[in-house]
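Report on the following structure.
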Amino acid sequence: MSEQQQNPQTEPQLDENQIIALRREKLHNIRQQRIAYPNDFKRDSFAADLHAQYGEISKEELDPQAVPVKIAGRIMLKREMGKASFATIQDVTGQIQLYLNNKGVSQEVLDDFNHWDLGDIIGAEGTLFKTGKGELTVRVSDIRLLSKSLRPLPDKHKGLSDQETKYRQRYVDLIANEESRNTFIKRSQIIQSVRNFMVNEHYLEVETPMMHPIPGGATAKPFVTHHNALDIPLYLRIAPELYLKRLVVGGLERVFEINRSFRNEGMSVRHNPEFTMIEFYEAFSDYERMMQMAEDIIRNASRTVNGTAKISYNGKEVDLESPFERLTILEAIKKYNPHYTDEQLNDAEWLKKEVVKHGESLPPSPGIGSLQLALFEGCAESKLWNPTFIVDYPVEVSPLARASDTKQGLTERFELFVVGRELANGYSELNDPEDQAERFKAQVAQKDAGDDEAMHYDADYIRAMEFGLPPTGGCGIGIDRLVMLLTDSQTIRDVILFPQMRPE
């Protein structure tokens with residue numbers, strides 16, 4: 001009898017170490033008789049496909065067909081009934097029931113099966129039939145143990161509920177929790193939908209370096225490493241932007257990269273130091289085109305994985321179908337704080353006090369524009385539930401964005417917010433090399449003043465621009481946050497297979 005079949009009222013409960021010891025003993029016995037981990041079983045069927053093809057056929061119609069199948073998976077449930085046994089196995093597509101009796105297999109095989117445990121991986125051959133209750137089942141004619149599980153699965157009723165264990169042992173989470181499996185299947189589908197959309201828009205997918213001699217493309221603190229052969233420091237990329245724009249200079253007019261980036265910053269329900277985003281750049285384009293692209297990408301991804309662009313997040317509807325709203329920073333502040341006056345919102349000292357009042361840190365170089373942005377983050381950002389583009393950011397917080405020709409001190413930049421969090425960032429690219437050089441210098445001054453996230457001066461990027469960067473629009477969308485939105489996940493760790501954790 002396996003440890004799972006013990007009666008808790010008559011048998012002592014085994015702790016995990018005892019269960020593992022018992023299973024190791026079983027494995028030892030198997031090694032004495034045969035190859036313990038064979039690799040010659042070839043399946044020809046998956047659980048979901050069988051349910052789709054035969055699930056609606058009546059018992060009377062299916063039984064005479066004796067449809068042959070070879071199926072493999074992990075034992076999730078077992079019921080031993082003397083000369084007959086039932087099991088439920090799980091493969092990548094779902095679950096299906098097996099039925100064994102001493103008429104279909106030898107008593108020796110049945111005895112072996114009865115000593116197998118939940119979590120063991122098996123291969124079975126047989127024919128399909130329907131039970132009296134109408135459940136699609138494989139009547140087994142041959143069955144083999146393919147991989148012995150030495151550790152017990154989580155309790156079938158409680159599942160794997162401890163959050164830290166879910167993140168540290170994602171392999172167990174995926175076995176035990178269908179919701180987690182579905183989330184990561186959807187994640188793959190979302191990324192594929194984004195890729196397909198970009199290709200259909202005639203963008204070229206490219207790959208750029210992940211180790212940079214100069215960190216750039218965003219204001220963030222990088223991870224630092226060292227290249228032994230070259231004896232130089234290198235930085236894990238914080239963004240691929242400057243390399244992608246070099247490609248636009250080179251004549252690749254529409255490029256995108258679904259990239260992994262790294263930022264040596266704090267961790268939260270929205271932040272992981274290693275994250276995925278898409279960045280894309282289009283020559284002879286601007287931030288208006290980039291906003292429409294971002295809107296279309298997100299709407300298309302939702303339709304692809306959810307069948308609709310009107311979804312629910314944390315119990316509340318999110319409308320991705322309607323045109324996304326557009327507001328300036330000041331319009332957003334005043335929409336949710338109508339008591340603020342224009343005079344107050346342009347008073348630096350008042351802004352500083354109000355920023356601190358809302359629990360935000362003062363920016364390193366607190367000009368009017370950066371103070372207004374800090375106030376927006378404190379009093380309005382979290383209230384932007386349905387998708388909203390915040391547009392026309394100050395020059396002082398947008399070192400790579402093109403300055404507006406008509407709005408003094410502002411850039412042609414947007415950020416997209418959904419369910420109170422940033423999802424995308426984009427702008428008309430700055431393509432004046434002399435202006436860009438001056439802004440890099442301003443960033444260096446901020447770094448010298450103690451701002452770890454300010455940018456370095458990238459002389460090669462300036463040289464590339466001096467060959468001529470056409471008018472260009474660029475955008476970045478956080479893939480992890482997009483997956484959170486479209487799978488109704490409340491923390492970024494739920495949508496990253498192996499989130500960063502403190503070592504055990």
**Study point:** Hits in the stretch 75-111 (condition: of a type in the set (Asp, Glu) and touching a helix residue (DSSP H, G or I) at 6+ places or on another chain (Cβ under 9 Å))
**Key:** 80, 91
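Out of 104, 94, which single residue is assigned by the TED database to the domain that holds residue 137 and modelled with pLDDT of 95 or more? If you could, list the steps in order and put the result at the bottom.
On the way: 104 fails: modelled with pLDDT of 95 or more.
Result: 94 is the single residue among 104, 94 that is assigned by the TED database to the domain that holds residue 137 and modelled with pLDDT of 95 or more.
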Review point. Of all residues in the stretch 111-150, which are at pLDDT 95 or above and part of a loop (DSSP other than H, G, I, E, B)?
Key: 116, 117, 118, 119, 120, 135, 148, 149, 150
Check your understanding: In the list 188, 193, which residue meets the criterion of being farther than 17 Å from residue 465 by Cβ, without any contact (Cβ under 8 Å) to a residue 60 or more places away in the chain and assigned to a helix (DSSP H, G or I)?
Key -> 188
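Collect the residues in the stretch 48-88 that are of a type outside the set (D, E, K, R) and farther than 24 Å from residue 102 by Cα, keeping them in residue-number order.
Step one: list which residues in the stretch 48-88 are of a type outside the set (D, E, K, R), which gives 48, 50-55, 57-58, 62, 64-69, 71-73, 75-77, 81-82, 84-88.
Those that are of a type outside the set (D, E, K, R) and farther than 24 Å from residue 102 by Cα: 48, 50, 51, 52, 53, 54, 55, 57, 58.
Given the criterion outside any loop (DSSP other than H, G, I, E, B), closer than 15 Å to residue 430 by Cβ and of a type outside the set (Val, Ile, Thr), identify the matching residue among 396, 377. Please lay out each step first, then the result.
Details: 377 fails: closer than 15 Å to residue 430 by Cβ.
Being outside any loop (DSSP other than H, G, I, E, B), closer than 15 Å to residue 430 by Cβ and of a type outside the set (Val, Ile, Thr) holds for just one of 396, 377, which is 396.
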Review point. Only one residue in 492, 462 is out of contact with any His (no Cβ under 8 Å at 6 or more places or on another chain) and either small (Gly, Ala, Ser) or open to solvent by less than 20 Å² (accessible area, probe 1.4 Å) (or both), so which one is that?
Key: 462
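This table checks each residue for (1) open to solvent by 50 Å² or more (accessible area, probe 1.4 Å); (2) acidic (Asp, Glu); (3) within 14 Å of residue 135 (Cα to Cα).
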position	(1), (2), (3)
19	no, no, no
25	yes, yes, no
30	no, no, no
33	yes, no, no
46	yes, no, no
70	yes, no, no
76	no, no, no
81	yes, no, no
96	no, no, yes
Review point. What's the number of the condition residue 248 fails, among (1) surrounded by 16 or more Cβ atoms within 10 Å (Cβ to Cβ); (2) not assigned by the TED database to the domain that holds residue 476?
Key: (2)
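The values are calculated or read from the model by the stated rules, or taken from the named source; none is laboratory data. Nothing here was measured: the structure is a model prediction, and the numbers come from that model. For neighbour counting, all protein chains shown are included, and Cβ atoms are generated from backbone atoms with ideal geometry for every residue, glycine included. The accessibility values were calculated without ligands, DNA or RNA, using every heavy atom of the protein model including side chains. Shrake-Rupley method; radii C 1.70, N 1.55, O 1.52, S 1.80 Å.
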